[in-house]
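*Asks:* Next up is a structure, given as structure tokens.
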Amino acid sequence: MPALLAVDLLVRRGGTVILDGAALELDAGLYALTGPNGAGKSTLLRALAGVLPLARGRVEIDGHDLWRDPVAARRRLGYLPESPELFPYLTARELLRTANAVRGVPATAGEDQFSRWVRPAALDLRIGTLSAGQRRKLALVAATCHDPRVLLLDEPDDALDAAAITDLRALLVTWRDEGRTVLLSTHRTQALELPFDGRLELEGRRVHHA
């Protein structure tokens with residue numbers, strides 16, 4: 001079975017149709033999601049992650065229906081939104097441990113990775129005091145530290161420094177080589193110089209294999 005399956009998605013925002021008939025079927029690999037600004041890339045990722053309700057269609061994560069079997073599906077899913085909403089009064093460590101408790105993984109998962117990108121003392125700083133780049137790194141770690149089978153990443157390199165982008169590139173390749181499915185939306189696909197297994201283009205509310 002495909003790791004990520006979407007069938008005939010219809011998504012509305014208010015009375016406006018954003019996606020209509022969007023479908024995809026992805027096995028393990030690293031995939032780029034492309035399309036002009038306003039095409040609905042972030043909307044598609046939000047729908048695939050279960051953040052947006054579907055007016056029609058279904059999404060399966062590693063064989064588990066996202067709406068009928070949400071616990072199993074979400075434990076296999078990592079999602080990084082374009083603008084993550086983090087809790088400013090929690091510390092970075094508290095956020096990670098809360099997320100890990102929900103997912104049933106070790107409490108300290110992700111702390112080593114965050115400490116590689118940001119000085120270790122930042123784990124105990126309140127999120128509201130972190131820089132934009134540090135918050136982006138924290139959001140990326142929180143989205144991926146439970147070793148999900150499927151990763152949906154919306155502009156993961158946004159606000160990252162050069163060293164962190166190099167590290168992110170290595171992580172993406174590692175995840176691909178481990179047999180995970182990574183769907184990545186970014187304006188800088190060429191700059192990242194990644195070995196994509198395929199490209200999906202969102203155009204006219206539908207997904208096309210480029």
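*Asks:* Put +1 on the Cβ of every Lys and Arg and -1 on every Asp and Glu Cβ in region 62-210; which of Val102, Val182, Ala164 then has its Cα farthest towards the positive end of the dipole?
*Replies:* The residue sitting farthest along the positive end of the dipole is Val102.
*Asks:* Can you sort Arg135, Arg199 by how many other beta carbons sit within 10 Å, fewest first?
*Replies:* Neighbour counts put them in this order, fewest first: Arg199, Arg135.
*Asks:* What net charge do the residues around Val7 carry, taking every other residue with its C-beta under 12 Å from that of Val7, with Lys and Arg at +1 and Asp and Glu at -1? Walk me through the numbers before you get to the answer.
*Replies:* On the way: positive: Arg56, Arg58; negative: Asp8, Glu25, Glu60, Asp65.
Summing Lys and Arg as +1 and Asp and Glu as -1 gives -2.
*Asks:* For region 58-160, what ratio Rg/Rh do Cα atoms give with a Kirkwood hydrodynamic radius? Spell out each step's value before the answer.
*Replies:* Working: Rg = 13.8 Å, Rh = 14.0 Å.
Across region 58-160, the Cα-based Rg/Rh ratio is 0.98.
*Asks:* Next question, about the same structure. For region 133-177, what percent of Cα pairs sit more than 15 Å apart? Intermediate values should be presented prior to the final figure.
*Replies:* Numbers: 387 of 990 pairs.
The proportion of pairs with Cα distances above 15 Å equals 39 percent.
*Asks:* Another question, then. Neighbour counts of other C-beta atoms within 10 Å: give me Val182, Val7, Val59, Val141 arranged from fewest to most. Could you put the intermediate results ahead of the total?
*Replies:* Numbers: Val182 28, Val7 14, Val59 21, Val141 24.
Result, fewest neighbours first: Val7, Val59, Val141, Val182.
*Asks:* At 1.306 mPa s and 10 °C, plugging the Kirkwood radius over alpha-carbon pairs of region 4-209 into Stokes-Einstein gives what diffusion coefficient in µm²/s? Can you show the working numbers first?
*Replies:* Numbers: Rh = 17.4 Å.
It diffuses with D of about 91 µm²/s by this estimate.
*Asks:* Mind listing which trypsin sites (Lys or Arg not before Pro) in region 55-121 are in a DSSP loop and have 13 or fewer other Cβ atoms within 10 Å?
*Replies:* On the way: sites: Arg56, Arg58, Arg68, Arg74, Arg75, Arg76, Arg93, Arg97, Arg103, Arg116; in loops: Arg68, Arg76.
Those satisfying the criteria are Arg68.
*Asks:* Quick check: pseudo-label points 7 Å beyond the Cα along Cα→Cβ at Asp8 and Val173, how many nm apart are they?
*Replies:* 4.2
*Asks:* Which residues' amide hydrogens lie under 5 Å from the amide hydrogen of Leu33, considering only partners 5 or more residues apart or on another chain, with H built in the peptide plane?
*Replies:* Those lying under 5 Å, H to H, from Leu33 are Leu184, Ser185, Thr186, Leu200.
*Asks:* If you split all Cα-Cα distances of region 3-111 into 10 Å bins from zero, what percentages do you get per bin, shortest first?
*Replies:* 13, 39, 32, 16, 0
*Asks:* How large is ³J(HN,Hα), in whole Hz, for each residue of region 71-78 in order, when computed from phi with the Karplus curve 6.51 cos²θ - 1.76 cosθ + 1.60 and θ = phi - 60°, using x for Gly and Pro?
*Replies:* 5, 5, 5, 6, 6, 9, 10, x
*Asks:* Suppose the chain between Ala55 and Ala163 were pulled fully straight at 0.36 nm per residue; how much longer would it get relative to their current alpha carbon spacing? Please list the in-between numbers first.
*Replies:* Working: separation 108, 0.36 × 108 = 38.88 nm, distance 4.15 nm.
Here the segment from Ala55 to Ala163 would lengthen by 34.7 nm.
*Asks:* Could you calculate the contour length gain from Asp124 to Leu192, that is, 0.36 nm times the residue separation minus the distance between their Cα atoms, to one decimal place in nm? Could you put the intermediate results ahead of the total?
*Replies:* On the way: separation 68, 0.36 × 68 = 24.48 nm, distance 3.10 nm.
That pair, Asp124 and Leu192, stretches by 21.4 nm at full extension.
*Asks:* Got a sec to turn the phi values of region 20-37 into Karplus ³J(HN,Hα) couplings, 6.51 cos²θ - 1.76 cosθ + 1.60 with θ = phi - 60°, whole Hz, x for Gly and Pro?
*Replies:* 8, x, 5, 8, 7, 8, 10, 8, 4, x, 10, 10, 9, 9, 10, x, x, 4
*Asks:* May I pose another question? Taking 0.36 nm per residue of sequence separation and subtracting the Cα-Cα distance, how much length would be gained by fully extending the chain between Val17 and Glu203, in nm to one decimal? Show your work: numbers first, answer last.
*Replies:* Values: separation 186, 0.36 × 186 = 66.96 nm, distance 1.34 nm.
Going from the current span to full extension adds 65.6 nm.
*Asks:* Which order results if His209, His146 are arranged by neighbouring Cβ count within 10 Å, fewest first? All intermediate terms of the calculation are to be shown ahead of the outcome.
*Replies:* Working: His209 10, His146 20.
Least to most surrounded, the residues fall as His209, His146.
*Asks:* Please give, to one decimal in nm, the separation of the simple spin-label points placed at Asp27 and Asp147, each 7 Å out from Cα toward the Cβ.
*Replies:* 2.3
Taken together, the values in this text are just the output of simple stated rules run on the coordinates, not laboratory data. Note that the coordinates shown come from a computational prediction; the quantities given were computed from them, not determined experimentally. Using ideal geometry, Cβ is built from the backbone for each residue, glycine included, and neighbour counts are taken over all protein chains shown.
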